[in-house]
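Read through the structure below, which is laid out as structure tokens, and then see the notes.
The values are calculated or read from the model by the stated rules, or taken from the named source; none is laboratory data. In this text the structure is predicted, and so the values were computed from the model without any measurement. Neighbour counts run over all protein chains shown; Cβ positions are idealised from the backbone, glycine included. Each accessible area value is taken on the protein alone, full model and side chains, heavy atoms only, with ligands, DNA and RNA left out. Shrake-Rupley method; radii C 1.70, N 1.55, O 1.52, S 1.80 Å.
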Amino acid sequence: MAEVVTRLRAAGCVFAEDEARLLLEAAGTETELDTMVGRREQGLPLEQILGWARFCGLRIAVEPGVFVPRGRTELLVRQAAALAPKVVVDMCCGTGAVGAALAALRPGIELYAVDIDPVEVACARRNLPNARVFAGDLYEPLPAALRGRVDVVVANAPYVPTDAVAMMPPEARDHEPMVALDGGKDGLDIARRVIQEAPEWLAPGGHVLIETSERQAPELVAASPLPARVTHDEELWATVIVAGPLQG
Ligand SMILES: C[S@@+](CC[C@H](N)C(=O)[O-])C[C@H]1O[C@@H](n2cnc3c(N)ncnc32)[C@H](O)[C@@H]1O
């Protein structure tokens, strides 16, 4: 254990003890442990090495080269679950973490998920055995019969402005796909399309919820064809736009 901690600390891992414990649990042999620690030293995200991430109390399968679900996205899940949806689209689903967490909180939901990256789609299919997972560009692959039936569209779409990607930690920019990070010039290229195209798919009274940053939120609210409000959680350092019919 001590040797692994020393190696991880030297590689700059802030939570070296916790990581060492997880790697020791996961490795079957000394050689395997050495390989795993070596990959961490090279900067791979811990979750891609372990093959899973903890998200909203669930263990989500994480394959090499996919976006690692972030803790802050729990706010998106909580806000969506509070709307008690029956039909949900997890747009830009990545591993499917958001959909999986929603299905755990709201058992029996009819769940659809979409991602443009085939590697993410394959991973989401593992995490969402009871959902229909589609590969393609936003709403394009969804079945036409779903138009007007969706209670909630949730999206954690890429929202890092192109110029800011270079400032992200190497763990993200070198080991997560660019299509998962780069949201275009102001970071809102994909999110804007998600919110603007949502009304065609929403059931009466339906909502679209999008994770964004506090700085970007006013821009996204302005782009929304539906009345939108901003929710923020200081502890999670998370911001979510909730767009739909005005409450009360
Ligand atoms: C920030 S990651 C979030 C993944 C997942 N929702 C989560 O929270 O862990 C953004 C995801 O959007 C996907 N994506 C990017 N552009 C897309 C598009 N035009 N249509 C569908 N998915 C897209 C990426 O492949 C990536 O998986």
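Annotations
- Whole-angstrom gap from the range 133-201 to the range 42-63, using each part's C-alpha centre: 21
- With N as its number of residues, the range 1-131 has a Cα radius of gyration that, divided by 2.2 N^0.38 Å, comes to 1.18.
- Where only C-alpha atoms are counted, convex hull volume of the range 1-48 per residue in Å³: 63
- Length gained on full extension, residue 185 to residue 122, computed as 0.36 nm times the residue gap minus the Cα-Cα distance: 19.8 nm.
- Fraction of alpha-carbon pairs over 25 Å apart in the chain - percent: 43
- With the biggest extent put first, the Cα atoms of the range 103-237 measure 41, 35, 30 Å across the principal axes.
- Residue 168/residue 84 FRET efficiency (R0 25 Å; Cβ-Cβ; nearest 0.05): 0.10
- Length gained on full extension, residue 144 to residue 70: 23.5 nm, using 0.36 nm per residue less the C-alpha separation.
- Beyond 12 Å, the tail of the calculated P(r) for the range 53-100 holds 62 percent of the Cα pairs.
- Antiparallel %, DSSP beta bridges [both residues in the range 29-149], to 5: 30
- Accessible surface calculations at 1.4 Å, restricted to protein heavy atoms, place the range 13-59 at 54 Å² per residue.
- Of all DSSP bridge pairs formed entirely within the chain, close to 45 percent run antiparallel.
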